[in-house]
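We did not get these values from a lab; they are worked out from the coordinates using the rules stated. In this text the structure is predicted, and so the values were computed from the model without any measurement. Heads up, the Cβs are rebuilt from the backbone with ideal geometry, glycines too, and the neighbour counts pull from every protein chain shown.
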Amino acid sequence: MKQTIMLNKNFRVLVTGSNGQLGSELKALSKNYNYHFFFSARESLDIIDFRSLKQFILDNQINAIINCAAYTAVDRAEDNDQLELADAINHLAVRNMAQLSKELNITLVHISTDYVFNGESFKPYLENDSTQPKTVYGQTKLNGEKALININPNNSIIIRTSWVYSSYGNNFVKTMLRLGKDKDSLGVIYDQVGTPTYARDLAKVILDILPKLINDKVEIYNYSNEGVLSWYDFAKVIMDTANLDCKVDPIETFEYPTPAKRPHYSVLNKAKIKSTFNIDIPYWKDSLNDCLALLGDKSE
């Protein structure tokens, strides 16, 4: 049976990418946890610069890193002039963190994506299923995973997630709310299937399991909310719950071409993270209601 490490204010946690959706949720929840947090963004800490990152870690006596930093502009990543930046953030910066975590005995939680798969499955993806990214974004994220696994710092994990949304930042939920108020109708893709992830739920899980990360090889876990639906179904429920009079029409992927190919199937099997850490995962609609209530767009 694994031992649990009790963390306190002397346990110092660095959160990278703290202005993003997940980073913002971690910041919002941080007051409920007895850790000492350091929230960094691109302007305050260059995670691509190994020396700068190491100095920050040493100066602040960091014990754990939660890496939320990522290049997530999926379509822009397909441009040749963006490849170097995407690879630097999604791959090389992760390699830096892995090397420093191994050297300095730091726990590392790295956030990855369903885009490492080809999206052509018919059953929920397991952590050990074959990876075959179809986009530059997915490939750079997979390269980051591989770098972390090869370096293999103790007490470190990868969490793959999908369809992330939050009351913070830009995301599908907030886009639908905005368009639903401005338009009479809109088309949303119905032949891409997956599960939304409320970033606050994921943030809570990360902070809850942090003391339980005791492993001598990098472990991969899947996390999203429970349930399965299409983007069309998701949009319909958002409109209905927010009481918006906007008609949502189902369209096929070919009717909305994008530079990066979207996965048709992104459902993740979450049995491993549930059994390992004894957690319950909320149903996607319940979490959507929570988020919309925070945004003030949930109908009574």
Subject >> Only Lys, Arg (+1) and Asp, Glu (-1) charged, at Cβ; the stretch 57-196 dipole about Cα centre in debye >> reply: 340 debye
Original post:
For the chain, what does -39500 (n - 2.57) per DSSP helix run (n ≥ 4), summed and divided by total residues, give at 222 nm, in deg cm²/dmol to the nearest 500?
Top reply: -10500 deg cm²/dmol
**OP:** Mind listing the long-range amide H neighbours of Ser112? Cut-off is under 5 Å, sequence gap 5 or more, other chains count too, H placed in the peptide plane at 1.01 Å from N.
**Re:** Ile159, Arg160, Thr161
Original post:
Comparing Asp59, Asp191, Asp46, which has the greatest mean-square fluctuation in the GNM of the chain with Cα pairs linked when under 10 Å apart?
Top reply: Asp59
**OP:** In whole angstrom, note down how far apart the Cα centers of the stretch 68-144 and the stretch 180-226 are.
**Re:** 15 Å
Original post:
What is the spin-label model distance, in nm, from Asn243 to Asp129 if the labels are put 7 Å beyond Cα along the C-beta direction?
Top reply: 4.0 nm
Original post:
Using θ = phi - 60° and the Karplus curve 6.51 cos²θ - 1.76 cosθ + 1.60, what whole-Hz ³J(HN,Hα) does each residue of the stretch 154-169 get, with Gly and Pro shown as x?
Top reply: 5, 6, 10, 9, 10, 10, 8, 9, 8, 6, 6, 9, 6, 6, 9, x
**OP:** Rounded to whole Å and sorted largest first, list the principal axis extents of the Cα atoms in the stretch 148-277.
**Re:** 54, 29, 24
**OP:** Name the long-range amide H neighbours of Asn225: under 5 Å, sequence gap of 5 or more, or other chain; modelled H, no Pro or chain starts.
**Re:** Thr197, Tyr198
**OP:** Quote to one decimal, in nm, the extra length available between Arg178 and Ile279 on full extension: 0.36 nm per residue of separation minus the C-alpha distance between them.
**Re:** 33.0 nm
Subject >> Potential extension, Asn170-Asp191 segment - 0.36 nm per residue separation minus Cα distance >> reply: 5.3 nm
Original post:
Given a Förster distance of 35 angstrom, what is the FRET efficiency for Asp216 paired with Asp286, based on the Cβ-Cβ distance and rounded to 0.05?
Top reply: 0.45
**OP:** Among His91, His36, rank each residue by its count of other Cβ atoms within 10 Å, from fewest to most, as a rough exposure measure.
**Re:** His36, His91
Original post:
By how many nm would the segment from Glu43 to Val228 lengthen if fully extended, with 0.36 nm per residue of separation less the alpha-carbon distance?
Top reply: 62.9 nm
Subject >> Amide hydrogen neighbours beyond the local backbone of Ile66, cut-off 5 Å, H modeled >> reply: Leu14, Val15, Thr16, Val109
Subject >> Candidates per GluC sites (Glu not before Pro) in the stretch 164-259, loop by DSSP, up to 15 other Cβ within 10 Å >> reply: Glu252
Subject >> Estimated dipole of the stretch 1-90 in Debye, rounded to 20 [Cβ of Lys and Arg +1, of Asp and Glu -1, Cα centre] >> reply: 840 debye
Original post:
Dipole magnitude of the stretch 182-294 about its Cα centre, charges +1 at Lys/Arg Cβ and -1 at Asp/Glu Cβ only, in debye to the nearest 20?
Top reply: 500 debye
Subject >> the chain: angle of helix 93-104 to the longest principal axis, Cα-based, in degrees nearest 10 >> reply: 30 degrees
Subject >> Extent along principal axes [Cα atoms of the stretch 1-104; Å; largest to smallest] >> reply: 46, 33, 29
Original post:
Between the helical axis of 136-151 and the dominant principal axis of the chain, each derived from Cα atoms, what acute angle in degrees is found, rounded to the nearest 10?
Top reply: 20 degrees
Original post:
Does anyone have the angle between helix 199-209 and the longest principal axis of the chain? Alpha-carbon axes, 0 to 90°, nearest 10?
Top reply: 30 degrees
Original post:
Counting pairs of alpha carbon atoms under 8 Å apart in space and at least six apart in sequence, what relative contact order in percent does the chain give?
Top reply: 21 percent
**OP:** Would you look at the GNM of the chain, springs on alpha carbons closer than 10 Å, and say which of Tyr35, Tyr137, Tyr265 moves the most?
**Re:** Tyr35
